[in-house]
């Protein structure tokens, strides 16, 4: 489907809110959605949950798209898909939970996303409880737990990455753009993902590299992160 066809389909959906048209529109955007989801393939959480969040953000993009602004529909959707990183960095601790707990959170997220699409708004805890077959107390507890932000607490600027200073959530998003070696240097520098916070010479010793080599890797990390500024 080309851009003109996507726009025509979006116009049909914006007027009718037909679920079938919406599904066709999402199918057209699926390559873009999957590309974003794959950026977080190393995240310790269900890929199905990440994909559900990406689809939700795509729908949010459809709802807020204004042709008069001059942007293409695909560009607007892609901008909204960038919001997936906040979801991932908030819930990335799921991988440390028992499998049953992971499944429960996955079910909660999918159900909430489904109700958001059907109702066109955030579902209430009562509606979530009815749909899930849970008690309202259990739904409230889940909402409270999932609101905890487990993103990075420090910026590279705080730990010696020259003049680079970014918000914690920005660093988390950029993390999934790094190579495994670059991620390791970042983890040792920031003390994240179970790694101790180390100085340059200590990182070099741990990785079997020279201080200069570690410095070069850090430079590459900075260059990649700057794309998300």
Q | Residue in region 187-198 that is farthest from residue 209 (Cα to Cα), counting only those that are at pLDDT below 85 and part of a helix (DSSP H, G or I) | A | 190
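Based on this model, can you work out whether residue 90 counts as surrounded by 15 or more Cβ atoms within 10 Å (Cβ to Cβ) and either modelled with pLDDT under 85 or assigned by TED's automatic domain parsing to the domain that holds residue 21 (or both)?
Here the answer is yes, as residue 90 does meet what is asked.
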Q | When residues of region 27-54 are limited to those that are in contact with a helix residue (DSSP H, G or I) (Cβ under 6 Å, 6 or more places away or on another chain) and within 19 Å of residue 11 (Cα to Cα), the one surrounded by the most Cβ atoms within 10 Å (Cβ to Cβ) | A | 29
(Q) Being over 12 Å from the mean Cα position of the chain (by Cα) and surrounded by fewer than 18 Cβ atoms within 10 Å (Cβ to Cβ): is that true of residue 7 here? (A) yes
Q: Would you be able to tell me the number of residues in region 115-127 that are under 22 Å from residue 17 (Cβ atoms) and assigned to a helix (DSSP H, G or I)?
A: 6
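Condition test on residue 21, is it assigned to a helix (DSSP H, G or I) and over 23 Å from the mean Cα position of the chain (by Cα)? Let's see the steps before the verdict.
Values: assigned to a helix (DSSP H, G or I): yes; over 23 Å from the mean Cα position of the chain (by Cα): yes.
It is true that residue 21 is assigned to a helix (DSSP H, G or I) and over 23 Å from the mean Cα position of the chain (by Cα).
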(Q) Could you go through region 59-81 and let me know if any residue there is modelled with pLDDT of 85 or more, surrounded by fewer than 19 Cβ atoms within 10 Å (Cβ to Cβ) and within 20 Å of residue 146 (Cβ to Cβ). (A) yes
Q) Does region 215-222 contain any residue that is surrounded by 13 or more Cβ atoms within 10 Å (Cβ to Cβ), modelled with pLDDT under 75, under 28 Å from residue 79 (Cα atoms) and not assigned by TED's automatic domain parsing to the domain that holds residue 42? A) yes
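The values are calculated or read from the model by the stated rules, or taken from the named source; none is laboratory data. Bear in mind the structure is a predicted one, so any value in this text is a computation, not a measurement. Note that we place each Cβ from the backbone using ideal geometry, even for glycine, and neighbour counts take in every protein chain shown.
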